[in-house]
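Have a look at the structure below, then the notes.
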Amino acid sequence: MASFFWGIAVAAGATLAAGVVGATEAPPLAGCYERVYDAAYMSRHKGQIVVRATISIEATRPGVWNERDRFVADGSLNIWVRGRSQSFDSHGVCRAEGNNLHCNGSLSAAEADTCKSKRDGVRQCRIDSADAGTFSVEGKPDGVLVSIRERLELVPAPYDGGPFLNLSRTNAENHAFLLKKTACK
């Protein structure tokens, strides 16, 4: 009887180990990507406020999310805008959609009123304190296309107060960013 239970324990351990190994495999599009928009580009796109964007994609740590969530990657999106030296960030977990990723925005514990305006830009108000929005990452020949799915709220470090950067998919100048592969720092 003891050998029966020992056999079950060994089989369960092997299954768990296989699950952990699978969870640490590189997710789709793993790596680092960046784009810095030069002055000539920005002068042609007066409505674009984003001057630089980076994203780092890595495997989600094993055991952080349960199997039902099916998160495979952590996506750290950083965006710099005109007139600001500090980045606005969103650190979200991502599900695979084929070879692409659908990532949740990260929620900040900051308290602020909900914005009355739906306009994009830097605000002292929040999109919605319970929903930071989503973004997608799609593979392209030279890198990735990061797109705002509906809307996205980003916040500067130390992430406990505003201002907030609000972006929406309806703003043609600030909703999609083609980033090139770069070395991770």
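The values are calculated or read from the model by the stated rules, or taken from the named source; none is laboratory data. Not measured: the values here are computed from a predicted model. Neighbour counts are summed over all protein chains in view; Cβ atoms, including those assigned to glycine, are modelled from backbone coordinates with ideal geometry. When the accessible area is computed, the model is the full protein with side chains, heavy atoms only, and any ligands, DNA or RNA have been set aside. Shrake-Rupley method; radii C 1.70, N 1.55, O 1.52, S 1.80 Å.
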For Val51, other-chain or 5+-apart residues with amide H closer than 5 Å (H placed, Pro excluded) are Trp80, Val81, Arg82
By the scheme Lys and Arg +1, Asp and Glu -1, what is the net charge of all other residues having a beta-carbon under 12 Å from that of Leu145?
+1
Just the accessible area per residue of segment 50-185, please: how many Å² with a 1.4 Å probe?
54 Å²
Accessible surface of segment 69-185, 1.4 Å probe, proportion on carbon and sulfur as whole %
47 percent
Quick calc, Asp128 & Asp38: beta-carbon distance into FRET formula, R0 41 Å, rounding 0.05, result 0.75
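Starting from the Kirkwood Rh over alpha-carbon pairs, what translational D in µm² s⁻¹ does segment 68-185 have by Stokes-Einstein at 20 °C and 1.002 mPa s?
146 µm²/s
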